[in-house]
Amino acid sequence: MIATIEPSTLTGNITAPASKSSMQRACAAALLHIGKTIIQNPGTSNDDQAAIKMIQDLGATVEYLNDKMIVNSKGIQPVASGVNCGESGLGIRMFTPIAALSSEQITINGKGSLLTRPMDFFDEVLPQVGVKISSNNGKLPLQIQGSLQPKNITVDGSLSSQFLTGLLFAFAASTTEDVTIQVNDLKSKPYIDLSLKVLQDFGYRITNNNYESFVIHPFTSTVDNINYTVEGDWSGASFLLVAGAIAGNITVKGLDVFSTQADKKILEALQDSGCRLSIQEHQIEIGVAPLKAFQFNATDCPDLFPPLVALAAYCEGKTVIEGVSRLAHKESDRGITLQEEFGKLGLEIVLQDDLMIIHGGKGLTGAKVHSRHDHRIAMACATAGLRTNGNVIIDEAEAINKSYPDFYKHIEKLGAKVSVL
């Protein structure tokens, strides 16, 4: 697919998409819950669909009633010899320990960029909790055989918090006594807050000791039916908010300003940039104003790099974003990808140790770019294209389906001139 974005002025209201971070965690919790879970506002992205297929392969049944998704589960009872996580990094890291609760041999696989992402964590940790595992030299596919036995362990949290999320879910559903997971150098703490919030909503009890250790307490379910509403997605909405800041006056609805989602921090960068911004309980109004460079630490919210680059491109001066080391193992090596693709638009980006330095405010030129099969790169280029001096043409533009399938439709609804072939 090729998407062409013309310089445009935006106006109007839009509702943020469902959070895939919240949706995938809800699917995992619904699988572990013995009984019925009614999921309101279910997501429809490729990652969400992969999570739904995984819980079905692991024994849950899924049906839809109006705009609700109903999950019935008796626990982990695999109906397939393998599960496929698609291209979802959270999916592979969260569902592998959950699948290991079964005593059956299961193959865990994925596709696309997920096949090259490191999974050494499982090779090191799963044998400590009674799970046999073989991998492809630390990469997919994984072959596991449990059943997982929770015990006191110490894990490395420096690569991704998603590995810890998987252990927290698996331990919470299976432990019969208090067990402790010690964590060294935990990154992306807000995502752990989200995991703990979902687990709490499903009745599990976990004590967080300053993100250095987590005590998982035994759990006995007393509720058959659980209702869970998927939050609006701050990750996807960050592109809408940046679009408003650089190309018009819009209102974004459906976001929880009290959310634990890491990417809510986009509001700090927007405030520092000087755009017109009104944060209300049920909506955020944002619009164009003279923009100035800002400094931002994205170590705990690395998915914000792409929208922040689109914003910084139009900020007068030198913007500095910290946390580049978190970008190497995404759908693409995002630090280099952003440097190269935005370079085609005339933006100078310097990568220096853990810093990204963006020389903005000089205007961008229309050009042909490539998504690199990375959903956030596609959306960042499209967002920046709303104010370039010519059209931005995006190859492999369908990459957005991974997280935000309606993105082009949504910005078009706000007035963007978009053509998709």
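Bear in mind that the values in this text are calculations on the coordinates, not laboratory data. The structure presented is a predicted model; accordingly, all values stated were derived computationally and were not measured. Neighbour counts run over all protein chains shown; Cβ positions are idealised from the backbone, glycine included.
Which whole-number percentage describes the relative contact order of the chain, with Cα contacts under 8 Å and a sequence gap of 6 or more? Don't skip to the end; give the middle numbers.
Working: 1024 pairs, mean separation 83.0, N = 421.
About 20 percent, as a whole number.
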Pairwise centroid distance, computed over Cα atoms, of segment 404-421 with segment 151-189, Å: 39 Å
Mean-position separation - Cα centroids, segment 222-271 and segment 288-335, in angstrom: 18 Å
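Among 21, 102, what is the fewest-to-most ranking by other Cβ atoms within 10 Å? Could you put the intermediate results ahead of the total?
Numbers: 21 30, 102 19.
Ascending Cβ contact count within 10 Å gives the list 102, 21.
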211, 64 arranged by Cβ crowding within 10 Å, fewest neighbours leading: 64, 211
Relative counts (whole %) of C-alpha pair distances in segment 161-274, using bins that are 5 Å wide: 2, 10, 18, 18, 14, 13, 10, 7, 5, 2, 1, 0
Neighbour-count order for 33, 375, fewest beta carbons within 10 angstrom listed first: 33, 375
Sequence-separation-based contact order of segment 20-229, relative, with Cα cut under 8 Å and 6+ spacing, percent: 20 percent
Principal-axis tilt of helix 234-247 within the chain, Cα atoms, nearest 10 degrees: 0 degrees
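Take the Cα gyration tensor of the chain, multiply each eigenvalue by 5, square-root it, and list the three semi-axes largest first, rounded to whole angstrom. Present the calculation step by step, with values, prior to reporting the outcome.
Numbers: eigenvalues 274, 96, 79 Å².
Value: 37, 22, 20 Å, ordered largest first.
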Phi-based couplings in Hz for segment 259-275 (Karplus 6.51, -1.76, 1.60; Gly and Pro marked x): 4, 8, 4, 4, 7, 4, 5, 3, 4, 5, 5, 5, 4, 5, 6, x, 5
Listed pairs 187/264; 68/402; 318/417 exceeding 23 Å between Cα atoms: 318/417
Folded to 0 to 90 degrees: helix 89-99 orientation relative to the chain principal axis, Cα: 10 degrees
Nitroxide proxy distance, nm - points 7 Å out along Cα→Cβ at residue 177 and residue 328: 4.0 nm
Cα pair count fraction exceeding 24 Å, expressed as % - segment 20-229: 34 percent
Dipole of the chain, positive end: most advanced residue of 10, 180, 246 [Cβ charges, Cα centre]: 10
Highest to lowest packing among 363-371, 146-154, 276-284, 402-410, scored as the average C-beta count within 10 Å: 402-410, 363-371, 146-154, 276-284
